[in-house]
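See below for the structure under consideration.
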Amino acid sequence: IFTTLHPNLTIKNNSPKILNRAVAYFCNNRPAVISPNAYDKDGDQLRYSFVAPKTVGNSPIPYTPGLSVTNPLVCSSPITINPTTGEIRFTPSQQQVAVLSVLVEEFRGGIQIGSMIHEMQIWIANCTNTPPVINPVSSQIATVGSSLCIPIVATDADNNNIALSAVSGLMSQGATCV
(Lines give C-alpha, C1' and ligand atoms only; values in the text may rest on other atoms or scores of the structure.)
Protein backbone atom coordinates (compact mmCIF):
# COMPACT_ATOMS: atom_id res chain seq x y z
CA ILE A 1 0.00 0.00 0.00
CA PHE A 2 1.28 3.46 -0.93
CA THR A 3 -0.28 6.56 0.62
CA THR A 4 0.08 10.34 0.12
CA LEU A 5 -1.51 13.15 2.09
CA HIS A 6 -2.08 16.79 1.18
CA PRO A 7 0.96 18.65 2.65
CA ASN A 8 -1.05 21.67 3.86
CA LEU A 9 -3.89 19.69 5.41
CA THR A 10 -4.91 21.31 8.70
CA ILE A 11 -8.10 19.31 9.24
CA LYS A 12 -8.23 15.86 10.79
CA ASN A 13 -8.25 13.11 8.18
CA ASN A 14 -8.41 9.33 8.29
CA SER A 15 -7.16 7.36 5.31
CA PRO A 16 -9.69 5.13 3.55
CA LYS A 17 -9.63 1.48 4.58
CA ILE A 18 -9.74 -1.33 2.02
CA LEU A 19 -12.15 -3.92 3.40
CA ASN A 20 -11.72 -6.73 0.83
CA ARG A 21 -8.77 -9.09 0.68
CA ALA A 22 -5.93 -8.30 -1.71
CA VAL A 23 -6.17 -11.74 -3.38
CA ALA A 24 -9.20 -12.81 -5.41
CA TYR A 25 -10.06 -16.04 -7.26
CA PHE A 26 -12.29 -16.21 -10.35
CA CYS A 27 -13.33 -18.75 -12.99
CA ASN A 28 -12.14 -18.61 -16.57
CA ASN A 29 -14.74 -17.54 -19.18
CA ARG A 30 -17.20 -16.30 -16.55
CA PRO A 31 -18.04 -12.65 -15.89
CA ALA A 32 -16.27 -11.40 -12.76
CA VAL A 33 -16.85 -8.41 -10.50
CA ILE A 34 -14.54 -7.26 -7.73
CA SER A 35 -14.41 -4.15 -5.58
CA PRO A 36 -11.65 -2.92 -3.29
CA ASN A 37 -14.59 -2.00 -1.02
CA ALA A 38 -12.91 1.11 0.34
CA TYR A 39 -14.51 2.83 3.31
CA ASP A 40 -13.74 6.37 4.46
CA LYS A 41 -14.99 7.04 7.97
CA ASP A 42 -14.76 10.81 7.36
CA GLY A 43 -17.24 10.50 4.50
CA ASP A 44 -14.77 11.90 1.96
CA GLN A 45 -15.46 11.35 -1.73
CA LEU A 46 -13.34 8.55 -3.21
CA ARG A 47 -12.32 8.23 -6.85
CA TYR A 48 -10.84 5.05 -8.34
CA SER A 49 -8.55 4.39 -11.32
CA PHE A 50 -5.95 1.88 -12.47
CA VAL A 51 -2.25 2.68 -12.02
CA ALA A 52 0.93 0.71 -12.66
CA PRO A 53 1.79 -1.90 -10.01
CA LYS A 54 5.18 -1.30 -8.39
CA THR A 55 8.10 -3.51 -7.53
CA VAL A 56 11.11 -2.94 -5.28
CA GLY A 57 12.42 0.62 -5.58
CA ASN A 58 9.06 1.98 -6.75
CA SER A 59 9.67 0.77 -10.32
CA PRO A 60 6.64 -0.30 -12.39
CA ILE A 61 6.18 -4.04 -12.96
CA PRO A 62 6.61 -4.76 -16.68
CA TYR A 63 3.60 -6.22 -18.50
CA THR A 64 3.58 -9.14 -20.92
CA PRO A 65 3.19 -7.83 -24.50
CA GLY A 66 -0.46 -7.02 -25.18
CA LEU A 67 -1.21 -6.21 -21.53
CA SER A 68 -1.04 -2.80 -19.83
CA VAL A 69 -2.08 -0.78 -16.79
CA THR A 70 -5.64 -0.44 -18.13
CA ASN A 71 -5.67 -3.97 -19.58
CA PRO A 72 -3.86 -6.09 -16.96
CA LEU A 73 -5.69 -9.38 -17.69
CA VAL A 74 -6.28 -11.49 -20.79
CA CYS A 75 -10.03 -10.98 -21.22
CA SER A 76 -12.69 -11.51 -23.86
CA SER A 77 -13.91 -7.93 -23.31
CA PRO A 78 -12.20 -4.81 -21.91
CA ILE A 79 -11.64 -4.64 -18.15
CA THR A 80 -13.42 -1.65 -16.62
CA ILE A 81 -13.28 0.21 -13.33
CA ASN A 82 -16.10 2.42 -12.08
CA PRO A 83 -14.41 5.68 -10.95
CA THR A 84 -17.12 6.31 -8.34
CA THR A 85 -17.57 2.85 -6.76
CA GLY A 86 -14.26 1.14 -7.60
CA GLU A 87 -16.15 -1.84 -9.03
CA ILE A 88 -13.96 -3.74 -11.52
CA ARG A 89 -15.65 -5.88 -14.20
CA PHE A 90 -14.06 -8.37 -16.60
CA THR A 91 -14.48 -11.74 -18.26
CA PRO A 92 -11.16 -13.62 -18.21
CA SER A 93 -10.40 -15.76 -21.25
CA GLN A 94 -7.54 -17.94 -20.00
CA GLN A 95 -5.96 -19.28 -16.81
CA GLN A 96 -3.66 -16.63 -15.38
CA VAL A 97 -2.35 -14.81 -12.36
CA ALA A 98 -2.29 -11.03 -12.63
CA VAL A 99 -1.47 -8.05 -10.44
CA LEU A 100 -3.43 -4.86 -10.74
CA SER A 101 -3.19 -1.62 -8.80
CA VAL A 102 -6.02 0.72 -7.95
CA LEU A 103 -5.40 4.36 -7.09
CA VAL A 104 -7.92 5.58 -4.50
CA GLU A 105 -7.98 9.37 -4.40
CA GLU A 106 -9.66 11.12 -1.48
CA PHE A 107 -11.49 14.43 -1.90
CA ARG A 108 -13.11 16.77 0.61
CA GLY A 109 -15.04 19.78 -0.65
CA GLY A 110 -13.70 19.12 -4.16
CA ILE A 111 -10.05 19.33 -3.00
CA GLN A 112 -7.82 16.27 -3.11
CA ILE A 113 -6.53 15.64 0.42
CA GLY A 114 -4.91 12.24 -0.02
CA SER A 115 -4.48 9.11 -2.06
CA MET A 116 -3.46 5.51 -1.66
CA ILE A 117 -2.62 2.64 -3.99
CA HIS A 118 -4.06 -0.80 -3.36
CA GLU A 119 -2.50 -3.72 -5.21
CA MET A 120 -4.48 -6.90 -5.83
CA GLN A 121 -3.49 -10.33 -7.08
CA ILE A 122 -6.10 -11.96 -9.33
CA TRP A 123 -6.07 -15.74 -9.87
CA ILE A 124 -8.04 -17.17 -12.80
CA ALA A 125 -8.62 -20.95 -12.95
CA ASN A 126 -10.64 -23.34 -15.08
CA CYS A 127 -13.69 -24.28 -13.02
CA THR A 128 -16.16 -27.15 -13.36
CA ASN A 129 -18.59 -25.86 -10.73
CA THR A 130 -21.49 -23.62 -11.72
CA PRO A 131 -21.29 -20.46 -9.60
CA PRO A 132 -24.17 -19.68 -7.23
CA VAL A 133 -26.72 -17.09 -8.33
CA ILE A 134 -27.62 -14.28 -5.94
CA ASN A 135 -30.97 -12.63 -6.56
CA PRO A 136 -30.66 -8.87 -7.17
CA VAL A 137 -31.13 -6.61 -4.16
CA SER A 138 -32.92 -3.31 -4.67
CA SER A 139 -31.50 -0.05 -3.33
CA GLN A 140 -32.26 0.50 0.33
CA ILE A 141 -32.45 3.65 2.45
CA ALA A 142 -32.04 3.53 6.21
CA THR A 143 -32.55 6.21 8.81
CA VAL A 144 -29.45 6.88 10.91
CA GLY A 145 -29.61 4.86 14.11
CA SER A 146 -32.27 2.47 12.84
CA SER A 147 -31.87 -1.20 11.91
CA LEU A 148 -32.11 -2.43 8.36
CA CYS A 149 -32.52 -6.09 7.47
CA ILE A 150 -32.16 -7.12 3.82
CA PRO A 151 -32.98 -10.73 2.90
CA ILE A 152 -30.43 -12.20 0.47
CA VAL A 153 -31.51 -15.18 -1.63
CA ALA A 154 -28.92 -17.38 -3.38
CA THR A 155 -29.26 -20.68 -5.25
CA ASP A 156 -26.70 -23.21 -6.45
CA ALA A 157 -27.32 -25.35 -9.55
CA ASP A 158 -24.79 -27.95 -8.30
CA ASN A 159 -26.63 -28.23 -4.97
CA ASN A 160 -23.57 -27.19 -2.97
CA ASN A 161 -23.84 -25.36 0.35
CA ILE A 162 -23.61 -21.58 0.05
CA ALA A 163 -21.97 -19.37 2.67
CA LEU A 164 -22.60 -15.63 2.35
CA SER A 165 -20.82 -12.87 4.23
CA ALA A 166 -20.87 -9.09 4.02
CA VAL A 167 -18.03 -6.65 4.48
CA SER A 168 -18.80 -3.03 5.29
CA GLY A 169 -17.39 -0.12 7.22
CA LEU A 170 -20.95 0.80 8.17
CA MET A 171 -21.96 -2.48 9.84
CA SER A 172 -20.61 -3.70 13.13
CA GLN A 173 -18.66 -6.95 12.84
CA GLY A 174 -20.88 -9.94 13.38
CA ALA A 175 -24.07 -8.04 12.57
CA THR A 176 -26.96 -10.44 11.97
CA CYS A 177 -30.40 -10.20 10.53
CA VAL A 178 -33.23 -12.32 11.93
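The values are calculated or read from the model by the stated rules, or taken from the named source; none is laboratory data. These numbers come from a predicted model, not from an experiment. Every residue, glycine among them, receives a Cβ derived from its backbone with ideal geometry; neighbour counts consider all protein chains shown. The accessibility values were calculated without ligands, DNA or RNA, using every heavy atom of the protein model including side chains. Shrake-Rupley method; radii C 1.70, N 1.55, O 1.52, S 1.80 Å.
Annotations
- P(r) weight above 14 Å for the range 75-167, C-alpha pairs, percent: 80 percent
- Cα-Cα P(r), the chain, percent of pairs per 5 Å interval: 1, 7, 13, 17, 17, 16, 13, 9, 5, 2, 0, 0
- Contact order normalised by residue count of the range 86-129, Cα under 8 Å, 6+ apart, percent: 43 percent
- Heavy-atom surface of the range 47-178, accessible at 1.4 Å and reported per residue (Å²): 65 Å²
- Highest-first arrangement of 106-114, 148-156, where packing means the average Cβ count within 10 Å: 106-114, 148-156
- FRET efficiency, 1/(1 + (r/R0)^6) with R0 41 Å, evaluated for SER59 and SER139 via beta carbons: 0.45
- DSSP bridge orientation in the chain - percent antiparallel, rounded to nearest 5: 90 percent
- Residues of type lysines that LYS41 reaches as a straight line, Cα spacing below 16 Å, ignoring anything fewer than 8 places off in the same chain: LYS12, LYS17
- One quarter of the convex hull surface built on the alpha carbon atoms of the range 13-97 amounts to 6.6 nm², the projected area averaged over directions.
- Protein accessible area in the range 1-139, 1.4 Å probe - carbon and sulfur %: 55 percent
- For the chain: relative contact order, % (alpha-carbon pairs under 8 angstrom, 6 or more apart): 26 percent
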